[in-house]
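Some notes on the structure that comes next.
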Amino acid sequence: MKNNFNSLIFEKRRKALIGNLPENSTVILPNKSISIRSNDVEYRFRPDSDFYYLTGFEEPNSVCVLKKEKRSFTYILFVEPKDREKETWTGKRAGKEGAKQIFKAHESYSFSEFKSKLKSFLLDAEHVYFPIGQNKDLELKITDIINELKKNNRTGIKSPKFISDPRDLIHRMRLIKDAYEIECLKFAARIAKDAHIMAMACSKPKMYEYEIEAIIEYRFRTLGAGGVAYPSIVGSGKNSTILHYTRNNRIIQKNDLILIDAGCEYNYYASDLTRTFPANKKFNPEQKAIYEIVLEAQLKAIKQIKPGKKFIDSYNRAVYILVKGLKDLGLLKGSVEKIIKKGEYKNFFMHKLSHWLGLDVHDAGPYTDEAGKSIKLLPGMVMTVEPGIYIPDLPDIPKRFRGIGIRIEDDVLVTKTGNKILTAGTPKTIDEIEAFN
């Protein structure tokens, strides 16, 4: 997939947002600033996802302003100006001209001018939108100006009547992926699939977990990913029962299961893929029994993903299968319905089944409607499906099951007629895994 910037994609999104706003509205969206890793060493910069979604602009110290008036709207970008000396150190900047020519801003200014011009954007704006709680300095500046304008209302100066957070509107837009986003997500998923296959092929006892981490992240980069979408998890043995285990520093033993949860970013769009497999190439009876339960739960949960179904439906289906399987193995006692009602299964499956996937690995977007009910699935939504069973090392659990952790995760696109598994082709059944190894 070619990484060509298309300003029309972002222009369409800005127009869609503006179309949902009342007249005399001003939206102020700041980008992130550089973060310090240690001393004077900076983290690699990644733009704020909402800011990038509407602008496509990737540089720090930038602000997007959208003004909607009666018959028009204005798109304004504040950016760092061209500076030959600074660009020698940190790379080329678009500058004010690039903001207009490349990113199609109607107006552009230096980032240093933003605070001095902020008052003019708030003047005569009836509705003001900015991400509340995200940037305290900006929030304080905006509220100070609004309070100042209100004091002068008697002189005829108008002040904003409504202050709102635009993220609810933006996140509802982000929930339904456009064609470009779907292509990026498909590409990120293909990279993740190939990287997981390489990692599975190379894994063996006596390796360190971090060696597998290195293999998978090497493959991400060689296939064109911008980097990881989140810290890679490579948990062997009892580490497979730790949900967000990232130390990855244990030596893998012969009879271990290896759980790899790793995804990459492509054009900032994430993949999120998990596979669990035996280090010695063959599942033992206990590992196989647990794996079959998790796999059945995942396959049947995915069948629930189609337009008109509720987000929660796949979770409910997966939980029923997990509970029944654990009960059949003697790890849970009582009726399936009672176990579910009391939440007793959460000792073994304590996380949710799914989350939205997009510009963020745990992507933006609501899970419930305005009535608090589970949202209905629509074409263009992308979600993970990741059931798991994690058996702790506790004395009341049969020893043969202790320390087994299994999770199976795929990325799924809701289509007009059902769903498409974007990470399909990564070995998943027991036969596929044992034959592959």
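Each reported figure results from applying straightforward, stated rules to the coordinates on display, with no laboratory input. Since we're looking at a predicted model, the values are computed, not measured. Methodologically, a virtual Cβ is constructed for each residue, glycine included, from the backbone with ideal geometry; neighbour enumeration extends over all protein chains shown.
Using alpha carbons only, how many degrees (0 to 90, rounded to 10) separate the axis of helix 7-19 from the longest principal axis of the chain?
The answer is roughly 80 degrees.
Given the Cα-Cα distance of Lys281 and Glu58 and 0.36 nm per residue of separation, how much length would full extension add, in nm?
My answer for the length gained is 75.9 nm.
Which order do the peptides 322-328, 425-431 take when ranked by the mean count of other beta-carbon atoms within 10 Å per residue, highest first?
Most protected by this proxy first, the peptides run 322-328, 425-431.
Over the range 1-136, what is the relative contact order in percent, taking alpha-carbon pairs closer than 8 angstrom and at least six residues apart? Intermediate values should be presented prior to the final figure.
Numbers: 208 pairs, mean separation 36.6, N = 136.
That works out to 27 percent.
Can you give the relative contact order of the chain as a percent, counting alpha carbon pairs under 8 Å and 6+ residues apart?
Once divided by the residue count of the chain, the mean separation gives 13 percent.
Given the pairs Lys68/Lys104; Lys104/Lys141; Lys67/Lys151, which span a C-alpha to C-alpha distance of over 19 angstrom in this model?
Numbers: Lys68/Lys104 17 Å; Lys104/Lys141 27 Å; Lys67/Lys151 23 Å.
From the list (Lys68/Lys104; Lys104/Lys141; Lys67/Lys151), the Cα-Cα distance tops 19 Å for Lys104/Lys141; Lys67/Lys151.
Considering Cα pairs under 8 angstrom that are at least six residues apart, work out the relative contact order of the range 176-436 and quote it in whole percent. Present the calculation step by step, with values, prior to reporting the outcome.
Numbers: 569 pairs, mean separation 60.2, N = 261.
Averaging sequence separation for qualifying contacts and normalising by length gives 23 percent for the range 176-436.
Under unit Cβ charges (Lys, Arg +1; Asp, Glu -1), what dipole magnitude, rounded to 20 debye, does the chain have relative to its Cα centre?
It works out to roughly 760 debye.
Treating the beta-carbon of each Lys and Arg as +1 and of each Asp and Glu as -1, no other charges, what is the dipole magnitude of the range 100-200 about its Cα centre, to the nearest 20 debye?
I would put it at about 160 debye.
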